[in-house]
Amino acid sequence: MAVLKDFFCDNLHVRVFDTRAAMGGCAGREAAACLRSLLEQKAVINVMFAAAPSQSETLAMLCSDPTIDWRRINAFHMDEYVGLDPAHPAGFRNFLKRAIFDRKPFRSIHLLDGNAADPHVEALRYDRLLRKHPLDVCLLGIGENGHIAFNDPPVADFSDPYFVKVVTLDERCRMQQVNDGCFDSIEQVPKRALSVTVPGLMQAGKLFCTVPAATKADAIRHTLNDGISTACPATILRTHAHAALYVDADAGKYILS
């Protein structure tokens with residue numbers, strides 16, 4: 001593993017790795033160490049997971065660690081499409097089931113239901129869950145438009161009174177799902193989703209943000225160089241007391257140049 005650059009941007013600890021595997025491996029190892037440390041201090045902890053190809057290496061490393069007592073971890077996921085076929089492989093709950101939820105004996109797994117009769121009622125239900133079980137750790141990524149969870153620039157609110165809400169996805173966000181290979185065309189990508197809000201994410205005690213690929217290079221550049229605003233929602237990560245950003249050389253190309 002080679003770390004090409006290691007620095008702080010405001011409070012955010014940023015590292016650029018030579019390969020995607022090195023990036024995900026380090027993020028997974030450090031997240032695992034954090035979980036072990038928390039479990040030494042608390043009987044039960046609450047962890048939120050992002051569902052995206054960008055998280056695959058991190059989640060694989062977490063799953064390979066034999067020392068984590070998953071039976072004392074409550075699991076949450078951060079967003080889900082509204083109205084997508086529940087069996088669709090691009091569904092975020094299905095991604096997480098394949099990547100980790102079905103592989104480890106969690107104490108509990110709390111899933112957002114994108115097929116609920118009323119998505120706004122479902123958002124309220126999940127909001128109450130998150131307030132009852134404050135997050136100790138959140139593993140997340142950054143979208144091509146700078147979103148975190150599905151907080152695209154048009155809907156992101158740093159002072160949102162809700163922890164979960166129904167959002168309309170912007171076109172760049174929907175196109176990212178095609179670029180990631182989750183859908184064949186933008187027409188197949190749902191236009192609405194349930195998403196944990198920015199305050200819902202930022203209330204986590206520790207944030208581990210993993211961002212690979214050249215398609216994310218602009219988002220990383222804006223995240224680290226722009227003013228903190230909803231024009232690039234990920235800029236808010238720079239204000240968190242315990243957040244780490246892991247990127248590979250492709251996503252970090254503007255940092256390295």
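The values are calculated or read from the model by the stated rules, or taken from the named source; none is laboratory data. Keep in mind that what you see is a predicted model, and the values were worked out from it rather than measured. FYI the Cβ positions are ideal-geometry reconstructions off the backbone, even for glycines, and counts take in every protein chain you see. Areas reflect the complete protein model, heavy atoms only, side chains present, ligands, DNA and RNA absent. Shrake-Rupley method; radii C 1.70, N 1.55, O 1.52, S 1.80 Å.
Worth pointing out:
- Count of residues meeting criterion [within 24 Å of residue 155 (Cα to Cα) and at pLDDT below 95] in the range 216-257: 0
- Residue 174 being assigned to a helix (DSSP H, G or I), open to solvent by less than 50 Å² (accessible area, probe 1.4 Å) and touching a residue at least 12 places away in the same chain (Cβ under 8 Å): yes
- Pairs linking a residue in the range 211-240 that is in a helix (DSSP H, G or I) to a residue that is surrounded by fewer than 16 Cβ atoms within 10 Å (Cβ to Cβ) and aromatic (Phe, Trp, Tyr), with Cβ atoms under 8 Å and 6 or more positions apart or on different chains, are 217/254; 218/254; 220/254; 221/254.
- Verdict on residue 140 being among the aliphatic types (A, V, I, L, M), open to solvent by less than 40 Å² (accessible area, probe 1.4 Å), in contact with a His (Cβ under 6 Å, 6 or more places away or on another chain) and modelled with pLDDT of 95 or more: no
- Flag if residue 195 is touching a residue at least 24 places away in the same chain (Cβ under 8 Å), in contact with a strand residue (DSSP E or B) (Cβ under 8 Å, 6 or more places away or on another chain) and over 14 Å from residue 84 (Cα atoms): yes
- Residue match in the range 111-133 (condition: open to solvent by 10 Å² or more (accessible area, probe 1.4 Å), within 16 Å of residue 50 (Cβ to Cβ), modelled with pLDDT of 95 or more and touching a strand residue (DSSP E or B) at 6+ places or on another chain (Cβ under 6 Å)): no
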